[in-house]
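Presented below is the structure to which this report refers.
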Amino acid sequence: MRLVAAQAKGSAMTVYRATFGSVEDTGRRWGHCARQAHWGANSQIHALGDGAEWIRLQTQEVFQRQGTFLCDFYHVSEYLAEAAPVFRPNHPDSWRRTQQSRLKRGAVNKVVATLEPCLEPESTADEDAPVRNSHRYLTNRLDCLDYPRALALGLPIGSGLIESGHRHVLQARLKKPGIAWLRPHADHIAHLRVLRANRQWASLWN
């Protein structure tokens, strides 16, 4: 099940939608969230995700020129953390923090250049190639790493909002120990949880 959310800048109210449907259906529901969160003709949409291609494409499809997509900073950092021991075996956290600082300054090319001398051969399996994985992840998403812009505008660079939503909107009810669901029943419960989270519970009875 996919969960999407939208929140107006400065607002404490988050609007959610959930679906087992296709990525296109997920994108449409994401658009509904944004409209309910007051997406207007002059709005700029700041979209965040883990870098999955479908999220980036739906940002373009749904929000078009009003939308910009940013890779979750902490997801990027996980790739760098995996590569860090190759460069600084005794101080991997120090190396990772240096690369994170570069990303926040917009020096992504320096990060990529730092990785390149230690790229594993193509014959090495991905699970044994943390540097190559990090390099590939970054170079495939160079247009989604504008952290200086987000920070300057006071916008989030991490997807904590949706991660938290997964926990308290869906998982708190659907992933209790020992529970199994038929898909249609899980879908119904998820929609009820979304109504509750969106403060629209009363609309169910009207």
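Among the residues of segment 184-200, at least one is among the acidic types (D, E), outside any loop (DSSP other than H, G, I, E, B) and touching a residue at least 60 places away in the same chain (Cβ under 8 Å).
Looking at this structure, is W30 touching a residue at least 12 places away in the same chain (Cβ under 8 Å), in a helix (DSSP H, G or I), buried (at least 18 other Cβ atoms within 10 Å of the Cβ) and not charged (D, E, K, R)? When the stated conditions are applied, W30 passes them. Among the residues making up segment 102-121, a single one is over 17 Å from F87 (Cα atoms), part of a loop (DSSP other than H, G, I, E, B) and among the hydrophobic types (A, V, I, L, M, F, W, C): A107. The residues in segment 35-79 that are of a type outside the set (K, R), out of contact with any His (no Cβ under 6 Å at 6 or more places or on another chain), outside any strand (DSSP E or B) and at negative phi can be counted, and the count is 28. Suppose the filter is basic (K, R) and part of a helix (DSSP H, G or I); does R149 pass it? Yes: the conditions hold for R149.
Among the residues making up segment 33-78, those that are under 14 Å from the mean Cα position of the chain (by Cα), crowded, with 16+ Cβ neighbours inside 10 Å and not hydrophobic (A, V, I, L, M, F, W, C) are H46, G49, G51, R56, Q58, T59, T68, D72, H75, S77. Filtering segment 1-27 to residues that are open to solvent by less than 70 Å² (accessible area, probe 1.4 Å), assigned to a loop (DSSP other than H, G, I, E, B) and of a type in the set (G, A, S) leaves A8, S11, G21, S22.
If only residues of segment 122-145 that are assigned to a loop (DSSP other than H, G, I, E, B) and open to solvent by less than 80 Å² (accessible area, probe 1.4 Å) are counted, the one that is farthest from R17 (Cα to Cα) is T124.
The values are calculated or read from the model by the stated rules, or taken from the named source; none is laboratory data. Note that the coordinates shown come from a computational prediction; the quantities given were computed from them, not determined experimentally. Cβ coordinates were reconstructed from backbone atoms using ideal geometry, including for glycine residues, and neighbour counts include every protein chain displayed. Just so you know, the surface numbers come from the protein's heavy atoms only, side chains and all, with ligands and any DNA or RNA stripped out. Shrake-Rupley method; radii C 1.70, N 1.55, O 1.52, S 1.80 Å.
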